Amino acid sequence: MIEMHDVWKTYPNGVSALNGINVKIDRGEFVYVVGPSGAGKSTFIKLMYREVRLTKGRILVNGYNLERLKEHKIPLLRRQIGVVFQDFKLLPQLTAAENVAFAMEVIEAPTKKIRQRVNEVMELVGLGDRLNQLPNQLSGGEQQRVAVARAVVNNPAVIIADEPTGNLDPETSWEIMHVFKKINDQGTTIVMATHNKEIVNTMKRRVIAVEGGRIVRDERQGAYGYDD
Ligand code: ADP
Ligand code: ADP
């Protein structure tokens, strides 16, 4: 599903964020990416959906060679990757349902199919009764559920999440985690950067630890491994 071969990233200011990453993530895996602040987790994750371009190396995502990908093919790639952010990034003037529908409108899905699928994914995330609320009428946890619904609505092969529980209290974080688990149980690959020690230690999934731009640990049923 995702392969990185000797991937390096140096930002224009000279900061070397990743220094020779080699990794393979299979279809259906659930992977936590952990490590101290500044370790390179976000860069690692952003490379996967070509938000950041690599300096050297090769990345394959669902068969696409990201460096060779022509600009006009990027929407095709993005359709296969759902992204969830720490700060939700919902459009404030659109309702929950419209935020989710928007992701299907941009790929020009038929109106009838949009309505049906929006209802389906809003049920999946437990918000079947909140369709017409604006983001500011929803709690943080509910807003993140909307963001997760938006990420899965086009049936992506992989969900990439950067600190998705970073702004949520522990109980709400667990609720979001259960939504991700449900999505993973349906076969979607999930890659999640996180500082949530309790969740990582309880879930016992694959853990990739990044420090100083290198993978320093990669365990099948791993633990968080840091004190914070
Ligand atoms: P993490 O997510 O683990 O905190 P990041 O990938 O955000 O790590 O950052 C890795 C390193 O790259 C840090 O030193 C950070 O300051 C630097 N960095 C991240 N983004 C940029 C950028 N856009 N421009 C320059 N340096 C950056
Ligand atoms: P329209 O009036 O053309 O449907 P809206 O901006 O109100 O436009 O909504 C855009 C899309 O958002 C709709 O086509 C529909 O797919 C989705 N949507 C909005 N509200 C709901 C809802 N309550 N239930 C299901 N889907 C909805």
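The values are calculated or read from the model by the stated rules, or taken from the named source; none is laboratory data. Here the structure is a predicted model, which is why all the values come from computation and not from measurement. Backbone-built Cβ (ideal geometry, glycine too); neighbour counts: all protein chains shown. Note: accessible area is taken over every heavy atom of the protein model, side chains too, but ligands, DNA and RNA are not part of it. Shrake-Rupley method; radii C 1.70, N 1.55, O 1.52, S 1.80 Å.
Restricted to segment 93-108, and to residues there that are over 21 Å from the mean Cα position of the chain (by Cα) and more than 9 Å from ligand 2 (Cβ to nearest atom), the residue that is modelled with the lowest pLDDT is E108. Filtered by the rule that a residue be of a type outside the set (V, I, T), more than 16 Å from ligand 1 (Cβ to nearest atom) and either modelled with pLDDT under 95 or within 16 Å of the chain's Cα centre (by Cα) (or both), segment 187-204 gives a lone residue, G187. Quick one: would you say L94 is in a loop (DSSP other than H, G, I, E, B), within 29 Å of Q143 (Cα to Cα), in contact (Cβ under 8 Å) with a residue 40 or more places away in the chain and open to solvent by less than 30 Å² (accessible area, probe 1.4 Å)? In short, no.
Hey, can you tell me all the residues within segment 118-139 that are assigned to a helix (DSSP H, G or I) and open to solvent by 40 Å² or more (accessible area, probe 1.4 Å)? Let's see the steps before the verdict.
Initially, segment 118-139 is screened for residues assigned to a helix (DSSP H, G or I), giving 118-124, 135-137.
Of everything in segment 118-139, those that are assigned to a helix (DSSP H, G or I) and open to solvent by 40 Å² or more (accessible area, probe 1.4 Å) turn out to be N119, E120, E123, N136, Q137.
Being more than 16 Å from ligand 1 (Cβ to nearest atom) and modelled with pLDDT under 95 holds for only one residue in I25, I2, I74, and it is I74. As a summary of the residue check, F88 satisfies the conditions (1) more than 16 Å from ligand 1 (Cβ to nearest atom); (2) within 30 Å of D228 (Cα to Cα); (3) surrounded by fewer than 20 Cβ atoms within 10 Å (Cβ to Cβ); (4) not basic (K, R) except for the one numbered (3).
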